[in-house]
Amino acid sequence: MHARHRGHEAMHAEMVLILIATLVVAQLLLVQWKQRHPRSYNMVTLFQMWVVPLYFTIKLNWWRFLVIWVLFSAVTAFVTFRATRKPLVQTTPRLVYKWFLLIYKISYATGIVGYMAVMFTLFGLNLLFRIKPEDAMDFGISLLFYGLYYGVLERDFAEMCADYMASTIGFYSASGMPTKHLSDSVCAVCGQQIFVDVNEEGIIENTYRLSCNHVFHEFCIRGWCIVGKKQTCPYCKEKVDLKRMFSNPWERPHVMYGQLLDWLRYLVAWQPVIIGLVQGINYILGLE
């Protein structure tokens, strides 16, 4: 290999410069696109997140992933269909947030177990259970991938469904001007009545008041902020203090996990496109 590439140092340097320049330009273009047209950016990113792994799955014959992908896609398609119907059925918001919150918790737990399996293997603890290092590492990386991938997907689908449902209910709009007046006894996320006072302990669910004094079902506002990636009040768009909402230290990792998933979206959705673009440029210029 060294003999074959001897004397090509200038070509290799040129290829590295092309890679760096493409990464910088692509990042700038993606940031501008996201800021100027967030809706189209999110839709295209979601589509790539959904389809790109499917291509590699079929190509590499990863049938276990394909089966899980089909099941997830079928249920999510049904939930998304319910969320985009007009008029909106009263039970739909709860159904949507329950499904995506379930996937969020499963992905969170799967990612943690996968990470622990990888760390145990690195420290050699797998030998205590007579498990081969390559088997233990494959198991850990697989769980980590499943957790992170479906965690990213469900958050993007949940954000899209949250926008559709909130706009249909009428207490939220993209322009910031709600089309309906919010009563003190109605939750702006699901549009249902609030029966438990803020200071009371609910049997099934508590009521939560934001700093803007708007009141919501605790389940709804947590789903809106964490699963649906919204950090503003669904009615007045005042910024939500997530540290105040998640005062319990054991709950704060959910916020950090959500931020990690947002960062991974770029790697899964756009990194293969950028690498393919770099390879295309190198091919056109005759670089190997």
Report summary line: Taking the stretch 74-88 and keeping only residues that are crowded, with 18+ Cβ neighbours inside 10 Å and small (Gly, Ala, Ser), one is left with Ala83
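Give Leu88, Leu102, Leu153 a once-over and let me know the one that is touching a helix residue (DSSP H, G or I) at 6+ places or on another chain (Cβ under 8 Å) and under 30 Å from Ile194 (Cα atoms).
After ruling out the rest, the residue left standing is Leu88.
Condition test on Gly111, is it in contact (Cβ under 8 Å) with a residue 40 or more places away in the chain, assigned by the TED database to the domain that holds Thr80 and surrounded by 21 or more Cβ atoms within 10 Å (Cβ to Cβ)? Reasoning before the result, please.
Values: in contact (Cβ under 8 Å) with a residue 40 or more places away in the chain: yes; assigned by the TED database to the domain that holds Thr80: yes; surrounded by 21 or more Cβ atoms within 10 Å (Cβ to Cβ): yes.
Yes, satisfied.
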Query raised in the report: Just wondering, is there one or more residues in the stretch 181-193 that are open to solvent by 70 Å² or more (accessible area, probe 1.4 Å) and at pLDDT below 75?
Result: yes
Query raised in the report: List the pairs whose first member sits in the stretch 15-42 and is within 22 Å of Gln279 (Cα to Cα) and of a type in the set (A, V, I, L, M), whose second member is part of a loop (DSSP other than H, G, I, E, B) and modelled with pLDDT under 80, and whose Cβ atoms are under 8 Å apart, counting only residues at least 6 apart or on separate chains?
Result: Met15/Leu287; Ile18/Leu285; Ile18/Leu287; Ala26/Trp270; Leu30/Trp270
Query - Considering residues of the stretch 219-242 that are over 22 Å from Ala109 (Cα atoms) and open to solvent by 40 Å² or more (accessible area, probe 1.4 Å) only, the residue modelled with the lowest pLDDT - result: Asp241
Report task. Can you tell me which residue among Leu148, Leu122, Leu95, Leu144 is within 25 Å of Tyr41 (Cβ to Cβ) and either surrounded by fewer than 21 Cβ atoms within 10 Å (Cβ to Cβ) or modelled with pLDDT under 85 (or both)? Result -> Leu148
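Let me confirm something: among Ala136, Ala117, which residue is under 20 Å from Trp62 (Cα atoms), more than 21 Å from the chain's Cα centre (by Cα), open to solvent by less than 50 Å² (accessible area, probe 1.4 Å) and touching a residue at least 12 places away in the same chain (Cβ under 8 Å)?
So the residue among Ala136, Ala117 that is under 20 Å from Trp62 (Cα atoms), more than 21 Å from the chain's Cα centre (by Cα), open to solvent by less than 50 Å² (accessible area, probe 1.4 Å) and touching a residue at least 12 places away in the same chain (Cβ under 8 Å) is Ala136.
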Query raised in the report: Which residues, counting only those in the stretch 105-136, are touching a Ser or Thr at 6+ places or on another chain (Cβ under 9 Å) and in a loop (DSSP other than H, G, I, E, B)?
Result: Ile131
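The values are calculated or read from the model by the stated rules, or taken from the named source; none is laboratory data. Treat the numbers as computed from the prediction; the structure is a model and nothing was measured. Ideal geometry is used to build each Cβ from the backbone, glycine not excepted, and the neighbour counts take in all protein chains shown. With ligands, DNA and RNA removed, areas are computed over all heavy atoms of the protein, side chains included. Shrake-Rupley method; radii C 1.70, N 1.55, O 1.52, S 1.80 Å.
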